[in-house]
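So the structure is just underneath, and the comments pick up after that.
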């Protein structure tokens, strides 16, 4: 004999009892109340220092997602690339509509690729240091400018790791950031002092990579 609380069977042949459904609703209501209380207790908005580091792929890609999101909100954004400037990234082409002045207004996005390629390609440490310092001065001009809601310093952690920039000068620059603007610093090998200063740190972990396991070279649309 079938229990009178059974409901009509679903396509999978299983249906929750009404009592289960009521319990589920009560559980979700309690969870909703907890979440609403947490949100009510949270502070107002704050400009963040965000670090994407680790040996896995996706550090720049994740940061560019934030760039796109900020552009969608109408914010002004700046990108300064510290290492990859020797080749034209596809991202630069994709962001071109935001990089053009319209009706006399400044472009919504400033994109500056100021590196000269990977260190094994340049083979000139003094030149690499000079270019990294120039990139930092450009980046600092955006960090200190309250008109820019988000500033992305792409591969700056690599420049720090290689000694092209000092951690102290970058930390001092971050202290000049307006209260409500965000700065993202990407690249493997982020120094511990920067991690300690950051509000949000994500470490990308390498599990598998086609270059290492299968000897597949970098491909358009995936790596660049």
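The values are calculated or read from the model by the stated rules, or taken from the named source; none is laboratory data. From a predicted model like this one, the values you see are computed outputs, not experimental measurements. With ideal geometry, Cβ positions are generated from the backbone for all residues, glycine too; neighbour counts draw on all protein chains shown.
A few comments on the model shown:
- Residues that are in contact with a helix residue (DSSP H, G or I) (Cβ under 6 Å, 6 or more places away or on another chain) and assigned to a loop (DSSP other than H, G, I, E, B) within segment 183-223 comprise 187, 189, 190, 191, 204, 216, listed in sequence order.
- Remark: pairs (first residue in segment 143-162, farther than 18 Å from residue 67 by Cα; second residue at pLDDT below 95; Cβ separation under 6 Å; 6+ apart in sequence or on different chains) = 158/83; 159/82; 159/132.
- Any hit, segment 125-140, residues being farther than 21 Å from residue 57 by Cα, under 16 Å from the mean Cα position of the chain (by Cα) and surrounded by fewer than 17 Cβ atoms within 10 Å (Cβ to Cβ): no
Yes or no, residue by residue, for (1) modelled with pLDDT of 95 or more; (2) closer than 30 Å to residue 206 by Cβ; (3) touching a helix residue (DSSP H, G or I) at 6+ places or on another chain (Cβ under 8 Å):
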site: 54; (1), (2), (3): yes, yes, no
site: 73; (1), (2), (3): yes, no, no
site: 83; (1), (2), (3): no, yes, yes
site: 88; (1), (2), (3): no, yes, no
site: 91; (1), (2), (3): no, yes, yes
site: 96; (1), (2), (3): no, no, no
site: 126; (1), (2), (3): no, no, no
site: 156; (1), (2), (3): yes, yes, yes
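- Residue in segment 47-58 that is surrounded by fewer than 12 Cβ atoms within 10 Å (Cβ to Cβ) and not in a strand (DSSP E or B) present: no
- Residues of segment 64-80 classified as closer than 9 Å to residue 150 by Cα and either without any contact (Cβ under 8 Å) to a residue 24 or more places away in the chain or surrounded by fewer than 19 Cβ atoms within 10 Å (Cβ to Cβ) (or both), total: 2
- Note on segment 145-198: residues that are surrounded by fewer than 15 Cβ atoms within 10 Å (Cβ to Cβ) and out of contact with any strand residue (DSSP E or B) (no Cβ under 9 Å at 6 or more places or on another chain) total 12.
- Residue 122 surrounded by 14 or more Cβ atoms within 10 Å (Cβ to Cβ) and either assigned by TED's automatic domain parsing to the domain that holds residue 178 or at pLDDT below 90 (or both): yes
- A Cβ distance below 8 Å, combined with a sequence gap of six or more or placement on separate chains, defines the contacts here; from segment 88-99, residues that are more than 13 Å from residue 68 (Cα to Cα) reach residues that are crowded, with 17+ Cβ neighbours inside 10 Å in the pairs 88/113; 89/81; 89/113.
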